[in-house]
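Beneath this line is the structure, given in structure tokens, with notes to follow.
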């Protein structure tokens, strides 16, 4: 592991240990621990690890980002860190700057489809989207006459129907 990967992983480990230890989570049934955890992750630049500096991220390598996800996985925390990292990476492919806040990617199920319409709007349905209810934005792969497009969508402008995944996380 490169030294930069160690630093990034150590930063993530410290944040999770300080703000998302098992006792804190088990004693807080309302999930109040999530906001301080997300704030600390954001301040460290971890949710946008795979986004270059010029598009609003921290410009980490894929390996550094995966080291963060390794730490997050060991803590088994239900926050959209992997989803936000993936959304940021996807937006980068379309040269779209990443906004702050939680994100996720859609469609999440291969048979779902989002269409990029001639008027520039999007239409379609995406089911089983991890953390859709928690996300502020969606990174969307949409198909249209010009092929596949990448779009950034404000979650507040979408209708989201709630459901819960096996881990208790939102899978809407």
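The values are calculated or read from the model by the stated rules, or taken from the named source; none is laboratory data. Note that this is a predicted model, so its numbers are computed, not measured. Positions of Cβ are backbone-derived with ideal geometry, glycine not excepted, and every protein chain shown enters the neighbour counts.
With respect to residue 102, is the statement that it is out of contact with any strand residue (DSSP E or B) (no Cβ under 9 Å at 6 or more places or on another chain) and either surrounded by 15 or more Cβ atoms within 10 Å (Cβ to Cβ) or at pLDDT below 90 (or both) true?
It is false that residue 102 is out of contact with any strand residue (DSSP E or B) (no Cβ under 9 Å at 6 or more places or on another chain) and either surrounded by 15 or more Cβ atoms within 10 Å (Cβ to Cβ) or at pLDDT below 90 (or both).
Can you tell me which condition residue 45 does not meet? The list is (1) modelled with pLDDT of 90 or more; (2) more than 14 Å from the chain's Cα centre (by Cα); (3) in a loop (DSSP other than H, G, I, E, B), and all the others hold.
Condition not satisfied by residue 45: (2).
Within segment 79-99, count every residue that is part of a helix (DSSP H, G or I) and surrounded by fewer than 23 Cβ atoms within 10 Å (Cβ to Cβ).
6
Quick one: how many residues across segment 20-42 are assigned to a helix (DSSP H, G or I) and under 19 Å from the mean Cα position of the chain (by Cα)?
9
Against the conditions (1) surrounded by fewer than 19 Cβ atoms within 10 Å (Cβ to Cβ); (2) more than 15 Å from the chain's Cα centre (by Cα), where does residue 114 fall short? Just the number, please.
(1)
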